[in-house]
Amino acid sequence: MSYYNRLTIQEREDIKYGLLVGESIRSLALRMGRSPSTVYREVKRNCDDDGEYRPCLADQLARRRRGLYARRLDRNDALRLIAFSMLRARWSPEQISVWLKLNFTEDCDMRLSHESLYTYLYALPRGSLRKELLSYLRQHRKSRRPRSRGEDRRGQIPDMISIEERPAEVADRSVPGHWEGDLILGKHNRTSLGTLVERTTRTVILVPLESRDAESVRKAFARELKSLPRQMRLSLTYDQGKEMAEHRLFTKDTKMVVYFAHPASPWERGTNENTNGLIRQFFPKGTDFSEVSRYQIKKVQHLLNGRPRKATGFQTPYEAFKALLQ
């Protein structure tokens, strides 16, 4: 079979979404024009320990098996030029990584984690280039010290799906139904309000919360989102707050995949961050949300969705959302 007959990354993403909504292997294969055995082998080969299919990882592994995989810095000349230039200016790998995220928000190929940059530098063959680039690091080690294998004291959320695995259609807003979520904290951080915003239409949903523990947030968010048409609830991008620790149950309940942004990276949920600023016009810092009724919260939601937005060509979110359903 030629390379062009192999599964594409888009087909792998289709498989993931199909599995999430309960579609059978045979139905998936028929819709994709593929043999059921092809889809079955693909899913069986590329499921993680929890039985979840990961399309991006599957595509990377397939490319490695065919000898097509290359490190990002090797295959992207522009990225390599920028990274090396910044190293020569004595920027740290972490500073380079953050700058790339801020300046290439819509181009995933121009992203680079600081760990990937360190790994690339220390894997370079011995020679003048390797010696030069390593000399720009603040600690001039000839080899990388092993990282601590102790417990991560931040307490990571289990089974997170990184924003790096999010389909391109989410980043370029070409397909509606992808949401961003967050919490706005109230007085003394004791009360909170859930905020959800759809990336294409800027439709806002405000979620009253009695508590911000994982179970309460999951149930409240799911209750609001399940009232939407199925085609308008595809995914949710969230930060790594503990209130989303029950994301797997949330996905099971809503059929929405949850993608997690990197720590301290609010620009990866820019639509939500901007919307939170609008919400603060109605609920300034110090608001005690336990004293705000559901009626008052939903009234603000209505006002926000009925206000024209520049990003939607001065349509209101209500109008933009309705147009997509016709």
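The values are calculated or read from the model by the stated rules, or taken from the named source; none is laboratory data. A quick note: this is a predicted structure, and the numbers were derived from the prediction, not measured. Please note: Cβ atoms are built from the backbone with ideal geometry, for glycine as well, and neighbour counts cover all protein chains shown.
For the stretch 186-205, what are the residues that are closer than 29 Å to Gln315 by Cα and either under 16 Å from the mean Cα position of the chain (by Cα) or polar (S, T, N, Q) (or both)?
Going residue by residue through the stretch 186-205, those that are closer than 29 Å to Gln315 by Cα are 193-205.
Passing the criteria: Thr195, Leu196, Val197, Glu198, Arg199, Thr200, Thr201, Thr203.
Here Leu137, Leu121 are screened, and the one residue that is at pLDDT 80 or above and either in a helix (DSSP H, G or I) or of a type in the set (S, T, N, Q) (or both) is Leu121.
Residues checked against (1) modelled with pLDDT under 95; (2) within 21 Å of Ala214 (Cα to Cα):
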position	(1), (2)
Glu151	yes, no
Ala171	yes, no
Gly181	no, yes
His188	yes, yes
Gly194	no, yes
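Of the residues Ser113, Ser143, which is among the small types (Gly, Ala, Ser), at pLDDT 80 or above and over 23 Å from Ala222 (Cα atoms)? Can you show your working first?
On the way: Ser143 fails: at pLDDT 80 or above.
None of the others qualify; the one that does is Ser113.
Of the residues making up the stretch 278-297, those that are of a type in the set (Phe, Trp, Tyr) and either in contact with a strand residue (DSSP E or B) (Cβ under 6 Å, 6 or more places away or on another chain) or more than 18 Å from Asp182 (Cβ to Cβ) (or both) are Phe289, Tyr295.
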